[in-house]
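Computed from the coordinates by the stated procedures, all read-outs in this text should not be read as laboratory data. Keep in mind the model is a prediction, meaning the values are calculated, not measured. So basically every Cβ, Gly included, is an ideal-geometry build from the backbone, and we count neighbours across all protein chains shown.
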Amino acid sequence: MPSKAEDREIRKREFSLMIDHRLGTEFPEDKRDALWRVHQEIERRRIRLAARYLFSRIGFTGRAKRAHSLAEFMVDEYAKVLGRREAELFFGLEKGESPALPIDLNR
């Protein structure tokens, strides 16, 4: 079993590989570090959301709205570091397309 420090380093390297794949190997180190900090904060919130989801008695719509809220938070936080085009590349979007979860809130 890896230690917490080793696990964190593995996750950071995986995240860096994702950046290499989506934004290129020449993506600046300072922006990589900023994205990693954002990613860590999002992970903390995602874990809390998952816990609330599991223990929630609220129906599907309430859980879906919370998931959308987390997605919007994630995009907003990454957007603080990335420009518009970089964000499109990072999230695999077509030019001008907005990121969204494939959840129908009207269900």
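For a straight C-alpha distance cut-off of 26 angstrom, the lysines reachable from Lys12 (same-chain residues fewer than eight places away being disregarded) are Lys4, Lys31, Lys80. Segment Arg46..His21, full-extension length gain: 6.7 nm, with 0.36 nm per residue of separation and the alpha-carbon distance subtracted. When peptides 30-36, 80-86 are ranked by their average number of other Cβ atoms within 10 Å per residue, the highest-first order is 30-36, 80-86. Counted by Cβ distance under 14 Å from Val75, the other residues give a net charge of -3, where Lys and Arg count +1 and Asp and Glu count -1. Answer with one residue from Thr25, Ile47, Ala5: the one whose Cα lies farthest towards the positive end of the charge dipole of segment 5-47, charges on Cβ with Lys, Arg +1 and Asp, Glu -1. Farthest along the dipole direction, towards plus: Ile47.
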